[in-house]
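Any read-out appearing in this document is the output of simple, stated calculations on the displayed coordinates, not a laboratory observation. All of these numbers come straight from a predicted model, not from anything done at the bench. Here the Cβ is made from the backbone with ideal geometry for all residues, glycine too, and neighbour counts use every protein chain on show.
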Amino acid sequence: MTAFLPPNLLALFAPRDPIPYLPPVTKLNHEKKTHGYFGVGQYLHLFEDPKDTPPAVKIETREERLERKQREKLERAAYIREQGIALWDPSNNQYATNDPYKTLFVARINSDTSESRLRKEFEVYGPIKKVMLIHDKISGKPRGYAFIEFENERDMHCKYLT
């Protein structure tokens, strides 16, 4: 049946060369006499002197790096907070009102609503001293809430109760 195989496959079934004859060993490895094992003592003069060796460089581990970054972040935030407190001037606050009992907080305002529109809607309940529509500092778009300061506390309560 192998006679029908192509030559490249017949080569796989060809016998291999015989194993070469080696004479038997007279002594086994553990029976042979040796001069013993030698250590690195004869090579010590090739090593560098420990006095000349530079100190090992401490490499920061992942946990240490994460801990350091977290600590730096907290320190930076504390510094910014302290600077903000030191530079804050309560008399120069544009959002502060004179009397919080006369101020109405209005939320969920459409972004298309203007201060004049708010003033027009809330003047029905009484005279308005100031309308502050809060905007985003970066984009300048309205944040969706406002503070309306009435001239009388009674007018603010009138709107608040309706």
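Starting from 0 in steps of 5 Å, tell me what percent of the Cα-Cα pairs of the chain lands in each bin.
P(r) over the chain, rounded to whole percents: 1, 6, 8, 7, 6, 5, 5, 4, 4, 4, 4, 4, 4, 3, 3, 3, 3, 4, 4, 5, 5, 4, 3, 1, 0.
For the stretch 13-26, in order, what is each residue's ³J(HN,Hα) by Karplus, 6.51 cos²θ - 1.76 cosθ + 1.60 with θ = phi - 60°, in whole Hz (x at glycine and Pro)?
Coupling constants for the stretch 13-26: 8, 6, x, 8, 5, x, 5, x, 7, 10, x, x, 6, 7 Hz.
Take every Cα-Cα pair in the stretch 94-161 and report what % of them are more than 19 Å apart.
Looking at the stretch 94-161, the distances longer than 19 Å represent 29 percent of pairs.
Toward the positive end of the charge dipole of the chain, about the Cα centre and with charges on Cβ (Lys, Arg +1; Asp, Glu -1), which of Phe47, Phe150, Met132 goes farthest?
Projecting each Cα onto the dipole axis, the largest value belongs to Phe47.
Which of rounded, prolate, oblate describes the stretch 24-67, given a ≥ b ≥ c as roots of the alpha-carbon gyration tensor eigenvalues and a/c under 1.5 marking rounded, otherwise prolate only if a/b is larger than b/c?
It comes out oblate by the Cα gyration axes.
Of all GluC sites (Glu not before Pro) in the stretch 57-88, which ones are in loop regions per DSSP and have a Cβ with at most 11 other Cβ atoms within 10 Å?
Glu60
Which residues make up the longest stretch of the chain clear of chymotrypsin sites (Phe, Trp or Tyr not before Pro) that lie in a DSSP loop with no more than 14 other Cβ atoms within 10 Å, not counting the sites?
Longest site-free region, per DSSP loop and neighbour criteria: 96-162.
Simple spin-label model, 7 Å along Cα-to-Cβ: Ala11 to Arg108 in nm?
The two pseudo-label positions are separated by 8.5 nm.
For Tyr101 and Lys141, what does the FRET efficiency come to when R0 = 25 Å and r is the distance between their Cβ atoms, rounded to the nearest 0.05?
My answer for the efficiency is 0.25.
Compute, for the chain, the length of the dipole vector about the Cα centre, with Cβ point charges of +1 (Lys, Arg) and -1 (Asp, Glu) only. Units Debye, rounded to 20.
380 debye
Taking the Cα centre of the stretch 22-117 as origin, work out the dipole magnitude from +1 charges on Lys and Arg Cβ and -1 charges on Asp and Glu Cβ, in debye rounded to 20.
Roughly 520 debye for the stretch 22-117.
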